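What follows is a short report on a single structure.
The values are calculated or read from the model by the stated rules, or taken from the named source; none is laboratory data. Given the structure is predicted, the values throughout are model-derived calculations rather than measurements. Every residue, glycine as well, gets a Cβ built from its backbone with ideal geometry; the counts of neighbours run over all protein chains shown.
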Amino acid sequence: MDDSKFWPKGTTRCKPVHFGLWMLFCLALAGWALVSAFLCLYKGLNQTNMNDYFAFGVWIVVDLAIIALGAGAFFTGFMNYVLRREELKNIINAAVIIGFICYSGAIMMLGIDIGQPIRGWFGFWHANVHSMLTEVMFCITTYLIVLIVEFVPLILENRQINKVPDLHFFAHNLHTIMIVFAATGTFLSFFHQGSLGGMYGVLYARPFAARGGVLIWPWTFFLFILSAIAAGPSFTTSIVMITEIVTGKKLTTHKVKMLMAKVSGSLLLFYLVLKIADTLYWAFVQTPAMGLSPSVYYQAPYGTWLLIAELGIGGVLPCILLLSPQVRESYWILLLAMLLNCFGVTMNRFVMTIQSLAVPVLPFEKFYAYLPTWQEWGISAGVIAYGFIIFSLAYRYLPVFPQETKLNPTTD
Amino acid sequence: MSSSASEMRFGMVIDVDKCTGCGACSVACMSENNVGVLPDETDKIRSITWLRVYQIDNGQPYPNTQIAFFPRPCQHCAGSQGHHTPCVSVCPATATDRDPKTGIVSQIPTRCIGCRYCVAACPYHARYFNWYDVPWPEGMDKPLSPFVAPRMRGVVEKCTFCFHRYQRAQNKAFTSGEAMGEMDYQTACTEACPSGAITFGDLNNPEHKVHELKKSPYAFRLLERLHTDTAVYYVSAREWVRRQADNYLSGEKLAKVQAGGGH
Amino acid sequence: MATHGKKQDNRSPADWWLFVLGFVLFAAVGFWATPAILYAEKPQPFQFSHKLHMEQVGEGCQSCHAFREDGSYTGIPSLEKCKECHGEEPMGETPEEKVFSKDYVAKNKPIPWQVYSKQPPCVFFSHAAHVANAGLECASCHGDHGDTEKLRTYEYNRLTGYSRDIWGWSLIPLDGPPKRMKMDDCAKCHRDNGVRDACFVCHK
Amino acid sequence: MLPFVFEWQWDIGHGVFMGLFYLALTIVSLGVVAALAMTFYDLYSGKEVHEEGHGHEDPWADYSYAHDKADRGEYA
């Protein structure tokens, strides 16, 4: 079986056998997810370890994390199309695909997470416009539409598909007005990244999550936007770097990666300053006012190590690394710094979700811990498998990396 | 009903010192509101008890140990200091709302999509998610109350202050032409309590007993400092019980945040 | 090589008309077939003339559909209520009444009427609030049901089991009660009359 | 979501929220419609497809977005 005529022009790809084996592995992972999804939909959410104390579980953590990491799509698009950073065109396609994977994956997960999936449309039809979750639902769905519109021209530029004139011109024209979609996407993404944070900040009867703010927006609204746009470019770039390592090819110049790193690092610094200020105010002013001390929040297994992991290892450390020019020059330390940045934002979403719910508010309530079941892990793994499949197919058949042919001249 | 009457706020005053922890209120509530029995009722963080009775103690070793019981229905928060009711404002599908006429927080299971955001928002754990299909074995569906719809899997439910009893009392008032009296609308738990620990009525109506009872110097509410403005008051002459109702830093004086009488 | 370019030549007007025709055809089939598939008929136990009864009784609808002392509503009258006038011997000549006397009155068996306006279990409806308090006529929601000589065919939704009168007759909100008794129709009347209540007022 | 749905109220909350939502949807759908219209124009005006998409010497050199701009002479 030879699929080479579908490869982007002037590139080589691994043997179909190898690719098939890799796809089989991904499909096995997806199969695990399908079994889990079937059980959860057929038997109900009792298949999970969520309960009335942990109303949200690992799915919401994964959801929030991938949506934060997917922010690379809108922010790279914003910098490329709106701020006109031309060199970012070399990574924008990858960013769009990763964003598409993250958002569509998150929506699929939410479909299983809600107790009555068939009623999911109630959130739109009977929307309560005062709920942060409504804002999240509307913006995520609309932004997914934008991402599809951004992804479509890339699919149409497959070497064979692009020979059809209708599709060729359509793709071309979509590219021409891409700035419209990029700007709309930026607006939508900005709001729902914020609303995801706002979701927790407005829980004023949950001292761990609650925050003050301006007008209707709690501080977490702004912190979530900042952490997402700080981590998103790092995630995009690290996925590209991992693809380079796996395929053994150079896909973008190091200059592009360094630019993404610099953007990521600067935003991370800005975020960290505000986040640390927020944390100090929360720990030393807000919490005592509610009659609590931070020691109540940090009980085993959710000890202060979470704080150190989130803000130290996943915050200050990558910030220093990303902002030092020598580190950015080094391929491996740069990758490490970016992955640490992604780890930090994931920890933040974990803490805001799980620990918020673990901390008892009534003085006579117990402190519970939570561990997901294999079904919950299965669905989380399914999203990763889904991402692997989409990204691998995209890399194999679509002209994702404009610099690839130049950086990997073929001998024939 | 004449709309000129001042706004009602139905609520409870629960005398913690009178509560023996017998659980009659919980049982009465379950049978009144068609709360099902799950396959495994030992799983207490998943079973449904609209009115849960908490046992608390003063933390002292024997022989100084004292215990008390907190029956905890939905607190029917109003929210104060610019806040909404914690759960109502977060629901994306408008499945829950607070009736300004009666102060009762509703939950419409057929509208609920099961996102559980309200469960996360409630600090009292008064909201319950249906993790299981409720098994009504053959014949067990016969004694179901027709006044309360049974819930389906995957939705949230909670105490409604037996709102269907309010509706019934209102029907009687409409047809008889007489105003609804205090005793016309009482919740199932109030009626079931053998020691008379629960008193129910309109907190804003000076003719109702709760109006006076909530002014007791020993009256307090759960988590007063979160500004949830609940409609359920508790009374206890024991200071350690009152202290359990809210979070205090060590050494912090109880009086500092004591709500005292009204609100 | 790029030899395409003039692809529009391939599409003759006939293709378009075929598409439009097919579309219209399928839409029409769907429009007529869906209700036929979705709704099933159920016979009433026997025929009943509201008109005839209205001529016999003194107090109009309330003669049979009355409030109880506690404010609840009887709805369809029980067999006991019928027996206040009807004995085991038919009062008239109709074959329907013979069935009624022989199969129900004589055997003391409740009549399993199919109720057109029966709502799903999550709905709370108070006749007291609408009739005793707001002073609405029965006909404002039930239409001319009280003047009919025959009971029309009862239809129900095969999936939900609910009466078609709830929302099966028209999807667009042009018809209100009695053609449609959807939540939107209740809500519309409430809104028009300045009653905007909490969900609990109509749900249980 | 729509003004005739029961929960709808003509207040600031609904106006701002739904206004922005429908604005975003309108912009996106108009964008797609514009791209479609341009495509039809290109097709009916007999514009030829360059071989392999972008008939430059090195098809990857200034790919996609950059090439769009080059077409419009913005690099000139």
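Tabulated values for the structure
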read-out	value
Filter pass, C:HIS130 being touching a residue at least 40 places away in the same chain (Cβ under 8 Å) and outside any loop (DSSP other than H, G, I, E, B)	no
Top-ranked residue in the range C:155-204 [being of a type in the set (Ser, Thr, Tyr) and assigned to a loop (DSSP other than H, G, I, E, B); ranked as farthest from the other protein chains (Cβ to nearest Cβ)]	C:SER170
Test: residue in the range A:249-262 that is in a helix (DSSP H, G or I) and of a type in the set (Gly, Ala, Ser)	yes
Qualifying residues in the range A:159-169 (those that are more than 8 Å from chain D (Cβ to nearest Cβ) and hydrophobic (A, V, I, L, M, F, W, C)) - the one farthest from A:PHE100 (Cα to Cα)	A:VAL164
Count - residues of the range A:82-106 that are over 12 Å from the mean Cα position of the chain (by Cα), over 18 Å from A:PRO399 (Cβ atoms) and assigned to a helix (DSSP H, G or I)	1
Residue check for A:VAL62: within 26 Å of B:VAL156 (Cβ to Cβ), under 24 Å from the mean Cα position of the chain (by Cα) and away from chain B (no Cβ under 14 Å)	yes
Matching residues, the range C:89-128, being polar (S, T, N, Q) and surrounded by 14 or more Cβ atoms within 10 Å (Cβ to Cβ)	C:THR94, C:SER101, C:GLN114, C:SER117, C:GLN119, C:SER126
Candidate set: the range A:133-158, residues that are touching a residue at least 12 places away in the same chain (Cβ under 8 Å) and at the interface with another protein chain (Cβ under 7 Å from one of its Cβ atoms); chosen: the one nearest to D:GLY15 (Cα to Cα)	A:PHE138
Qualifying positions in the range A:350-387 - surrounded by 20 or more Cβ atoms within 10 Å (Cβ to Cβ) and free of Cβ contacts under 8 Å to residues at least 24 places away in the same chain	none
Test result for A:VAL136, under 28 Å from A:TRP219 (Cβ atoms) and not in a helix (DSSP H, G or I)	no
A:PHE364 within 11 Å of another protein chain (Cβ to nearest Cβ) and closer than 30 Å to A:PHE56 by Cβ	yes
The range C:54-74: number of residues that are in contact with a helix residue (DSSP H, G or I) (Cβ under 8 Å, 6 or more places away or on another chain), closer than 28 Å to C:LYS102 by Cβ and not polar (S, T, N, Q)	4
Residue, farthest from A:ARG206 (Cα to Cα), within the range B:220-238, restricted to residues that are more than 14 Å from every other protein chain (Cβ to nearest Cβ) and not in a loop (DSSP other than H, G, I, E, B)	B:VAL235
Scan of the range A:196-244 for residues that are surrounded by fewer than 22 Cβ atoms within 10 Å (Cβ to Cβ) and assigned to a strand (DSSP E or B), ordered by number	A:GLY213, A:VAL214, A:TRP217
Scope the range B:80-95; condition more than 7 Å from chain A (Cβ to nearest Cβ), under 23 Å from A:GLY57 (Cα atoms) and in contact (Cβ under 8 Å) with a residue 40 or more places away in the chain; matching residues	B:CYS87, B:ALA95
Residue list for the range B:50-79, filter: buried (at least 19 other Cβ atoms within 10 Å of the Cβ) and more than 9 Å from every other protein chain (Cβ to nearest Cβ)	B:TRP50, B:LEU51, B:ARG52, B:ALA68, B:PHE69, B:PRO71, B:PRO73, B:CYS74, B:GLN75, B:HIS76, B:ALA78
Which numbered condition C:GLY60 fails, given (1) modelled with pLDDT of 90 or more; (2) within 24 Å of the chain's Cα centre (by Cα); (3) loosely packed, with under 13 Cβ neighbours inside 10 Å	(1)
Matching option when the condition is buried (at least 16 other Cβ atoms within 10 Å of the Cβ), more than 7 Å from chain A (Cβ to nearest Cβ) and modelled with pLDDT of 75 or more, among D:LEU30, D:LEU20	D:LEU20
Failed item, numbered, when B:SER31 is tested on (1) surrounded by fewer than 16 Cβ atoms within 10 Å (Cβ to Cβ); (2) in a loop (DSSP other than H, G, I, E, B); (3) in contact (Cβ under 8 Å) with a residue 60 or more places away in the chain	(2)
All positions within the range B:150-179 that are in a loop (DSSP other than H, G, I, E, B) and among the basic types (Lys, Arg)	B:ARG151, B:ARG153, B:LYS158
Test: B:ASP141 is within 14 Å of chain A (Cβ to nearest Cβ), surrounded by fewer than 23 Cβ atoms within 10 Å (Cβ to Cβ), part of a loop (DSSP other than H, G, I, E, B) and without any contact (Cβ under 8 Å) to a residue 40 or more places away in the chain	no
Residue among A:GLY77, A:GLY111, A:GLY115 that alone is part of a helix (DSSP H, G or I), surrounded by fewer than 24 Cβ atoms within 10 Å (Cβ to Cβ), of a type in the set (Gly, Ala, Ser) and modelled with pLDDT under 95	A:GLY111
Breaking point among (1) of a type outside the set (Phe, Trp, Tyr); (2) within 11 Å of another protein chain (Cβ to nearest Cβ); (3) within 17 Å of the chain's Cα centre (by Cα), for C:ASN133	(3)
Single condition B:PHE161 does not satisfy, out of (1) in contact (Cβ under 8 Å) with a residue 12 or more places away in the chain; (2) crowded, with 18+ Cβ neighbours inside 10 Å; (3) in contact with a helix residue (DSSP H, G or I) (Cβ under 6 Å, 6 or more places away or on another chain)	(3)
Some residue of the range A:30-45 being within 30 Å of B:GLY154 (Cα to Cα), of a type outside the set (Gly, Ala, Ser) and under 20 Å from the mean Cα position of the chain (by Cα)	no
The listed residue being part of a helix (DSSP H, G or I), exposed (fewer than 14 other Cβ atoms within 10 Å of the Cβ) and at negative phi, out of A:LEU21, A:LEU29, A:LEU39	A:LEU21
Of all residues in the range C:145-183 being surrounded by fewer than 16 Cβ atoms within 10 Å (Cβ to Cβ) and of a type in the set (Asp, Glu), the one that is nearest to B:ILE108 (Cα to Cα)	C:ASP175
Condition check for D:VAL49: facing chain A (nearest Cβ under 7 Å) and at pLDDT 90 or above	no
Residue in the range B:199-219 that is among the β-branched types (Val, Ile, Thr), away from chain A (no Cβ under 14 Å) and more than 30 Å from B:THR94 (Cβ to Cβ) present	yes
